[in-house]
Amino acid sequence: GKNYTRRFRDSGLFEAIFERVLGEAVAAGFVDPSVFYIDATHVKANANKKKFDRVQLAAEARAYQDQLDAEIHRDREVHGKKPLPPARREPGGRGVKQSTTDPDSGYYVKDEREKMFAYSWHTACDRHGFVLGAIVTGANVHDSRIFHELLAQVMARVGRPYAVAVDAGYKTPAIAHLLREQAIRPVMPYTRPKGLPGRLRKQDFVYDAYLDAYLCPKHQALRYRTTNRDGYQEYVSDPVICQSCPLLETCTQSRDHRKVILRHVWQDDLDEAEHLRHTPWNRRTYAERKETIERIFADLKQKHGLRWTLLAGGARNTAQAMLVYAVMNLKKLATWRWRQTCAGRWMLLFPSTAQTKASEIHFRRPLST
């Protein structure tokens with residue numbers, strides 16, 4: 001156990017082992033980098049959930065913040081608005097629970113699941129189940145925050161993919177814009193409309209690109225008002241018209257009878273991802289998530305005992321992640337090489353039935369071959 005803090009501390013050994021094993025799989029032609037499957041799973045930390053301090057985390061700038069600020073500035077210029085003044089960076093961010101046992105872990109809260117301190121293992125794999133990269137963070141870091149870094153890491157190893165398949169947690173305008181900018185096809189799922197039941201939702205309003213306005217079910221136009229710091233354009237209705245509208249009670253609860261709809265400056269990229277969702281190829285590719293990244297997480301927890309970790313600290317858990325994923329890739333690499341050898345021997349011994357028998361005992365070859 002002391003090797004983590006003595007011999008291997010800050011050595012990068014486990015990352016080197018992982019990259020070496022992955023390189024062997026790539027050289028053998030087993031890795032198919034045409035589609036990346038990206039997701040995150042939570043590993044329970046070795047920390048008492050009742051022992052914590054309440055701290056203020058410093059506000060972290062998003063990876064795409066500079067690009068978003070430039071887009072907001074351009075959008076306001078197009079609409080004849082003045083540039084926004086420089087934002088004030090507050091010294092304190094959001095208040096969170098920080099474990100006194102393992103401060104690097106994060107307090108995990110989701111739906112009805114048990115609340116705990118945990119780590120998030122952000123992972124990417126190919127369609128054959130080879131792990132391509134991983135980043136370990138506290139569980140209170142949202143999956144979409146790590147996407148840009150993880151995608152860049154994996155692309156540096158195996159190149160640019162044709163498509164990236166993610167779940168609903170990654171369905172954001174920033175990620176859709178990044179994929180479209182990189183000429184990568186987004187594979188995203190259906191998400192349920194948000195809002196109170198029985199009330200008009202954003203989907204009930206139609207955006208007219210020519211008029212740059214939203215049209216309500218009663219054909220009133222909601223005009224552009226401004227673009228805020230978060231990159232959302234605000235479209236508002238005329239309260240004089242809304243006051244006598246029969247749908248007022250189901251449309252808005254505003255005291256001044258004004259309906260406001262927010263549209264992100266990168267909404268077109270998200271709409272394109274939504275259109276691609278209906279294609280047969282996207283549906284088949286998204287269905288493969290349960291056979292790829294979800295299976296990796298199942299093996300990680302069922303076969304390698306990673307429902308919880310006994311190691312404390314982000315560095316140790318990162319080293320554990322790299323080592324476990326290297327082992328998983330190594331087992332698959334050894335199995336596939338053995339099957340390849342068996343298929344080659346059968347072709348030498350029985351040339352007449354080689355084609356049939358090879359297809360029975362061989363693995364699924366990558367699309368490139």
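The values are calculated or read from the model by the stated rules, or taken from the named source; none is laboratory data. Because the structure is predicted, anything quoted here is derived from the model rather than measured. Quick reminder, even Gly has a Cβ in these numbers, built from the backbone with ideal geometry, and neighbours come from all protein chains shown.
Numbers below:
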| read-out | value |
| --- | --- |
| Check on ALA183, small (Gly, Ala, Ser), surrounded by fewer than 12 Cβ atoms within 10 Å (Cβ to Cβ) and at pLDDT 90 or above | yes |
| Candidate set: region 234-279, residues that are part of a helix (DSSP H, G or I) and among the charged types (D, E, K, R); chosen: the one modelled with the lowest pLDDT | GLU249 |
| Flag for ALA213 being in the same structural domain as ILE293 (by TED's automatic domain parsing) and of a type in the set (Gly, Ala, Ser) | no |
| Matching entry among LYS110, LYS97, LYS115 (being within 18 Å of the chain's Cα centre (by Cα) and at pLDDT below 90) | LYS110 |
| Failed condition for ASN46, given (1) free of Cβ contacts under 8 Å to residues at least 24 places away in the same chain; (2) touching a strand residue (DSSP E or B) at 6+ places or on another chain (Cβ under 9 Å); (3) polar (S, T, N, Q) | (1) |
| Candidates LEU196, LEU150, LEU215, LEU200 - the one that is without any contact (Cβ under 8 Å) to a residue 24 or more places away in the chain, surrounded by 13 or more Cβ atoms within 10 Å (Cβ to Cβ) and not charged (D, E, K, R) | LEU215 |
| Output for region 100-119, where each listed residue is surrounded by fewer than 24 Cβ atoms within 10 Å (Cβ to Cβ) and touching an Asp or Glu at 6+ places or on another chain (Cβ under 8 Å) | THR100 |
| Conditions (1) over 18 Å from the mean Cα position of the chain (by Cα); (2) surrounded by 14 or more Cβ atoms within 10 Å (Cβ to Cβ); (3) not charged (D, E, K, R): number failed by ALA298 | (2) |
